[in-house]
Amino acid sequence: MDNIKESKEYKLAKEWEMAVNSFSFNPKRFTAAIPDMHPTLQQSLYRLIKECIVVMADETRRYDDRNRASHEEAKHIMEYLNENGRNIPLR
């Protein structure tokens, strides 16, 4: 992950960070756009979401009481996926 801060993915993550940091950001409006996406891009979005869950569940990353609930839920999701299999490989 050399020069990650120069990558398009890092820049997009920072743009997303700024968007959701607004009280007017509405997750339901964001997700309402998903059915309008091309099906292949919906699949790509799902892969991204799954990678986010992997990172959120990671015990080695920093988390505190502000994001503990997300961390714990992500761990449960990963436990479920590990026990019940996956349809889309994570890596």
Check: Here are some conditions: (1) at positive phi; (2) at pLDDT 95 or above. N3 meets all but one. Which one does it not meet?
Finding: (2)
Next item on the list: Give the number of residues within the stretch 29-80 that are open to solvent by less than 80 Å² (accessible area, probe 1.4 Å), over 20 Å from A19 (Cα atoms) and part of a loop (DSSP other than H, G, I, E, B).
Entry: 4
Item checked: Residue that is farthest from the chain's Cα centre (by Cα) [pool: residues in the stretch 1-13 that are surrounded by 11 or more Cβ atoms within 10 Å (Cβ to Cβ) and not hydroxyl-bearing (S, T, Y)] -> K11
Item checked: Selection status of I53, of a type in the set (V, I, T), over 20 Å from N82 (Cα atoms) and in contact with a helix residue (DSSP H, G or I) (Cβ under 7 Å, 6 or more places away or on another chain) -> no
Next item on the list: Could you list, in sequence order, all residues of the stretch 33-89 that are under 12 Å from the mean Cα position of the chain (by Cα), more than 16 Å from A13 (Cβ to Cβ) and modelled with pLDDT under 95?
Entry: Y46
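The values are calculated or read from the model by the stated rules, or taken from the named source; none is laboratory data. Remember, it's a predicted structure, so these values are computed and weren't measured experimentally. Positions of Cβ are backbone-derived with ideal geometry, glycine not excepted, and every protein chain shown enters the neighbour counts. Just so you know, the surface numbers come from the protein's heavy atoms only, side chains and all, with ligands and any DNA or RNA stripped out. Shrake-Rupley method; radii C 1.70, N 1.55, O 1.52, S 1.80 Å.
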